[in-house]
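The values are calculated or read from the model by the stated rules, or taken from the named source; none is laboratory data. Computed from a predicted structure; not experimentally measured. All Cβ positions, even for glycine, are placed from backbone atoms using ideal geometry, and neighbour counts span all protein chains on display. When the accessible area is computed, the model is the full protein with side chains, heavy atoms only, and any ligands, DNA or RNA have been set aside. Shrake-Rupley method; radii C 1.70, N 1.55, O 1.52, S 1.80 Å.
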Amino acid sequence: HSATMVKAGIYLLARLNPALGLTEAWFLLLTSVGLFTMLTGAYLGLKQNDLKALLAYSTISQLGVFVMLIGQDIETAFKALVIGVLAHALYKSALFMAVGIVDHETGTRDLRRLGGLRRSMPITFGIMTVSALSMAGLPPLFGFLAKETLLATAVHPSLPSYLSWVLPAASVVAGAFLLAQAGLLVVNTFLGKPRDPSIKGHEPVWPMLLMPAIPTLLSLLLAQLPGLKEEAILLARAASDAYGQPVPVSTKLWTGLNVPFLLSLVAISLGLILFYFRKPIREVQVHFAPNLTFNALYRWLLRALDLGGYWATRLQQGKLRNYLAIILLMATLLVLGLSNRALLPSLSSLSFLETSFAGELIVLRIFTLFVAAGAALATVWLRRDFFAILAVGTAGLGVAVFMALEPAPDVALVQIVVDILATLILVLALTRLPRTQRRQAQDVTNVTFEQRPSLIRDAAIAAIAGIVVTLISLIAISSRPHLSIVTPYYETSAKPLAGATDIVGAIVVDFRALDTLIEITVFGVAGLGIYTLFRYAARKLGDAGQSVDEMPPANRGHFFTRGIGGRRLSAFIRVPTYVTLPLTMILAATQMMYGHDQPGDGFTAGVVIGLAVGLWYVVFGYEESRKRLPWLRGIPLIGAGILLAILNGTLTEFIEGSFLANVDYGELVNLPLPAGFHISSSFLFELAIFLAVLGSVALMLDGLGHPGYQDRESVRRLLEISENERKEAQSVGQSPFDIEGQSRSA
């Protein structure tokens, strides 16, 4: 327990130190937190009456020591870290088990009732005494070496001047308190007269004594046998892994008369004084200034949390407009606060504003600019939500044209397919919203500033956020270096290292393959989230209307068992829809096969087929599409994609020694393939991306297009319409939805 569970965080910090450490922020954070924890645990441990509580607070103090050591940037600190971890594991595991023996044999751990157990439990007394002396840092035990290396780190000359005395003083004080705790642990338990005559102790069976005796003996032997090379090698490797550089470790107990040894003598002297006056000191801790105790601090923190919860509930009212306003304002303040240069003065150096407007495509660029800006403005002024969604899609396609004119065809292709997919998802989500809520949302946008003053607030927040983003973009473009550092590397390395002439494709599936694996996992989780919300949560909360199977047969034709608006569409629409899906499959296969040499990849392939499936949902309806496409199962597709990516990366690890490295499997077995096509790790990764993306899109379409989630109000209205009214509506070419003003043709 002492060596593993309570040190899990210490282990994690030590492993992350080579990546996150050796910085000023890391040093200040870990040193301050560790120092405070070390002193807090040492102080609170002395006032405890429960044996395990006393040991627990001493452990907290030691954990603070380890955190403080990890925050340093000197090799001595990591030598002290590994020695301290080993010493603490040995003596603390023995002490906890010995305390368990006392509790088991006497029935109590209360120091106010124990005492005089030395004669009835001599072996337990010896085990606990030796381990407690190691905890106190006294020679000739291994704990003494741990304290010496800690003090050597605390007086290291590389520390900042403002900590040159704080760390040594704090280490000495903590060591003194630990020595007093160790004395309290042994003396009040085993020496003196029994405080409670009813408590009778006796030794346990020998296996119970053997377990704490082993780490106690090791704590003694490791200090007496410093020449063990295996021990030094083990500790040196651990210290080197945590420090990031080789760290020599010696377990020699005596290093001579030096400053750490003198500080150790000071700590021992102070500890003996604390132990001698332990009774009045403990009384002061318990009775003096009760409002300044750590328990009072804990209660104050709880009250602060309650106050914070009160204000959080005032802000978290379920109104998305308020959430968005807070997010935009806080993001703007963060950008302005964290910016290392003033925004407005930087505008004077915007050299790109003098760019010439010459060139054949400048007219197209200007036209696209006006289209994107106009579409973005239209999203605000359009009253109908469906038209506003189309305007959002138009703005996205305008951005895609800009990307294509750069030229950046890979990025433009991704922007196009994602923009169309986003438009489709928004339209489908629009059909899931109850009619009353949609009308309420439209009523909000139809009022004037005089009717709703909050619109002024919303407009101001939007303007501020837009201006800040614009300024940041202008400054970023004007101040970035014109000569890229990474571009030449990718240009020269894409072909020899990844076998790709398309640099973007090489970056996605080779150079930054692990990023892509994480991204497709996130994309799959998004699809699962939509599926879960609409397939389970909505139904459980009563938001779902009747499914198609639950409806009367006469009414099923109006709910997506047919196409748009519940009508069976003509062959001029159905036949092209049939052809679209196989054509997109051919296109997707081409993109994956030759994605390393031309624009296109597994992501765009998955989205393209997903869009074709979405067209099927619109034209043929949900039930018919599911019946004709039985292979379209989102969860198995996502699982297969992620599993294929992991297996592919594992295989390349065995072949090339690197996860998701580039390996041409076809070349390894001399497989005859068409020119330009290679069955490689990159192709399999593209296939994995395709499967995961297609599965996620399928789940989105399935969750948003399922007929069982129709607006209950619409279902009830439809079922209330009499047969005569329905026939009358059909005779004049109207849908029953048109009568009720609830047409879903859009």
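Restricting to segment 242-285, name every residue that is assigned to a helix (DSSP H, G or I), among the aliphatic types (A, V, I, L, M) and either under 13 Å from L184 (Cα atoms) or without any contact (Cβ under 8 Å) to a residue 24 or more places away in the chain (or both).
Taking segment 242-285 first, the residues assigned to a helix (DSSP H, G or I) are 242-243, 259-276, 278-285.
Next, only the ones that are among the aliphatic types (A, V, I, L, M) stay: 242, 259, 262-263, 265-268, 270, 272-274, 281, 284.
L262, L265, L272, I273, L274, I281, V284, listed by residue number.
Just checking, which of G657, G634, G649, G708 is at pLDDT below 85, under 38 Å from the mean Cα position of the chain (by Cα) and closer than 30 Å to L528 by Cβ? I'd like the intermediate steps shown before the answer.
Values: G657 fails: closer than 30 Å to L528 by Cβ; G634 fails: at pLDDT below 85; G649 fails: at pLDDT below 85.
Only one candidate qualifies: G708.
Only residues that are open to solvent by 70 Å² or more (accessible area, probe 1.4 Å) and either among the aliphatic types (A, V, I, L, M) or assigned to a helix (DSSP H, G or I) (or both): list them for segment 173-207, please. I'd like the intermediate steps shown before the answer.
Residues of segment 173-207 that are open to solvent by 70 Å² or more (accessible area, probe 1.4 Å), as a first pass: 193-195, 197-198, 200, 202, 205-206.
If the condition is that a residue be open to solvent by 70 Å² or more (accessible area, probe 1.4 Å) and either among the aliphatic types (A, V, I, L, M) or assigned to a helix (DSSP H, G or I) (or both), then V205, W206 are the ones that fit.
Within the bounds of segment 168-179, is there any residue that is more than 28 Å from N17 (Cα to Cα), of a type in the set (A, V, I, L, M) and touching a helix residue (DSSP H, G or I) at 6+ places or on another chain (Cβ under 7 Å)?
yes
Looking at segment 377-394, is at least one residue more than 28 Å from V508 (Cβ to Cβ), buried (at least 17 other Cβ atoms within 10 Å of the Cβ), modelled with pLDDT of 90 or more and not small (G, A, S)?
Yes: one or more hits.
State whether one or more residues within segment 474-483 are modelled with pLDDT of 85 or more, assigned to a helix (DSSP H, G or I) and open to solvent by 40 Å² or more (accessible area, probe 1.4 Å).
Step one: filter segment 474-483 for residues modelled with pLDDT of 85 or more, giving none.
No, segment 474-483 has no match at all.
Mind telling me which of the residues L191, L209, L217 ends up being closer than 27 Å to L235 by Cβ and of a type in the set (A, V, I, L, M)?
Numbers: L191 fails: closer than 27 Å to L235 by Cβ; L209 fails: closer than 27 Å to L235 by Cβ.
Only one candidate passes the filter, namely L217.
Of the conditions (1) open to solvent by less than 30 Å² (accessible area, probe 1.4 Å); (2) touching a Gly at 6+ places or on another chain (Cβ under 6 Å); (3) not small (G, A, S), F659 fails just one. Which one is it?
Unmet condition: (1).
Among the residues of segment 116-124, is any outside any helix (DSSP H, G or I), at pLDDT below 90, more than 41 Å from the chain's Cα centre (by Cα) and of a type in the set (S, T, Y)?
yes
For segment 11-47, enumerate the residues that are touching a residue at least 40 places away in the same chain (Cβ under 8 Å), outside any helix (DSSP H, G or I) and not aliphatic (A, V, I, L, M).
G21, K47
Residues that are open to solvent by less than 10 Å² (accessible area, probe 1.4 Å) and within 30 Å of E75 (Cβ to Cβ): does segment 156-168 have at least one? Lay out the reasoning, then the answer.
Residues of segment 156-168 open to solvent by less than 10 Å² (accessible area, probe 1.4 Å): 167.
Still in the list and also within 30 Å of E75 (Cβ to Cβ): 167.
Yes: one or more hits.
Yes or no: I520 assigned to a helix (DSSP H, G or I), touching a residue at least 60 places away in the same chain (Cβ under 8 Å), open to solvent by 60 Å² or more (accessible area, probe 1.4 Å) and not hydroxyl-bearing (S, T, Y)?
On the way: assigned to a helix (DSSP H, G or I): yes; touching a residue at least 60 places away in the same chain (Cβ under 8 Å): yes; open to solvent by 60 Å² or more (accessible area, probe 1.4 Å): no; not hydroxyl-bearing (S, T, Y): yes.
No.
Please state which of the following conditions V669 fails to meet, knowing it meets all the rest: (1) without any contact (Cβ under 8 Å) to a residue 60 or more places away in the chain; (2) under 27 Å from the mean Cα position of the chain (by Cα).
(2)
Of the conditions (1) β-branched (V, I, T); (2) at pLDDT below 85; (3) within 30 Å of G703 (Cβ to Cβ); (4) open to solvent by less than 60 Å² (accessible area, probe 1.4 Å), T436 clears all except one; give me its number.
The number of the failed condition is (4).
So in segment 556-607, with the set limited to residues that are in a loop (DSSP other than H, G, I, E, B) and among the hydrophobic types (A, V, I, L, M, F, W, C), which one is modelled with the highest pLDDT? Can you show your working first?
Within segment 556-607, the first condition is being in a loop (DSSP other than H, G, I, E, B), and the residues that meet it are 559-563, 567-570, 594-601.
Checking the rest, the ones that are also among the hydrophobic types (A, V, I, L, M, F, W, C) come to 559-560, 569.
Values: F559: 42, F560: 40, L569: 70.
Among residues in segment 556-607 that are in a loop (DSSP other than H, G, I, E, B) and among the hydrophobic types (A, V, I, L, M, F, W, C), the one modelled with the highest pLDDT is L569.
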